[in-house]
Amino acid sequence: MKRRRISWCIANIIWIILFAVGTAVIWTREVDGAGVTQTPELKLFAFIALLIAFIFPLIIQVIWLIINFKVSKHVL
């Protein structure tokens, strides 16, 4: 049980770091990979796309948390 909770926390920390780095890259870049100058509107659109991409791992993490709680209840 303890290993599952620790691995869940580590996985969440990794996802949070990846999201923070992606957000920092989006908001600090002046020109994207295609050479388009980034306006605040384009940065917001790119951020929303990043947010949508991170919804799937978030759903997996919530399911993993629920499973961990159910398994820990059965162990007690």
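Tabulated results
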| item | result |
| --- | --- |
| Enumeration of residues in region 28-40 that are surrounded by 13 or more Cβ atoms within 10 Å (Cβ to Cβ) and either at pLDDT below 90 or in contact with a strand residue (DSSP E or B) (Cβ under 6 Å, 6 or more places away or on another chain) (or both) | D32 |
| Answer residue from region 16-59, given it is in contact with a Phe, Trp or Tyr (Cβ under 7 Å, 6 or more places away or on another chain) and of a type in the set (A, V, I, L, M, F, W, C) and is nearest to K73 (Cα to Cα) among those | F54 |
| Filter pass, L65 being more than 19 Å from the chain's Cα centre (by Cα), free of Cβ contacts under 8 Å to residues at least 60 places away in the same chain and surrounded by 13 or more Cβ atoms within 10 Å (Cβ to Cβ) | no |
| All positions within region 5-15 that are open to solvent by 50 Å² or more (accessible area, probe 1.4 Å) and free of Cβ contacts under 8 Å to residues at least 60 places away in the same chain | I6, C9, I10, I13, I14, W15 |
| Single match in V21, V62, V71 (criterion: β-branched (V, I, T), part of a helix (DSSP H, G or I) and in contact with a helix residue (DSSP H, G or I) (Cβ under 9 Å, 6 or more places away or on another chain)) | V71 |
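Let's see how each residue does on (1) in contact (Cβ under 8 Å) with a residue 12 or more places away in the chain; (2) open to solvent by 50 Å² or more (accessible area, probe 1.4 Å); (3) over 16 Å from the mean Cα position of the chain (by Cα):
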| site | (1), (2), (3) |
| --- | --- |
| R3 | no, yes, yes |
| I17 | no, yes, no |
| I26 | yes, no, no |
| L42 | no, yes, yes |
| S72 | yes, no, yes |
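The values are calculated or read from the model by the stated rules, or taken from the named source; none is laboratory data. No experiment lies behind these values; they were computed from the predicted model shown. Note: ideal-geometry Cβ built from the backbone for every residue, glycine included; neighbour counts use all protein chains shown. Heavy atoms of the whole protein, side chains included, go into the accessibility calculation; ligands, DNA and RNA do not. Shrake-Rupley method; radii C 1.70, N 1.55, O 1.52, S 1.80 Å.
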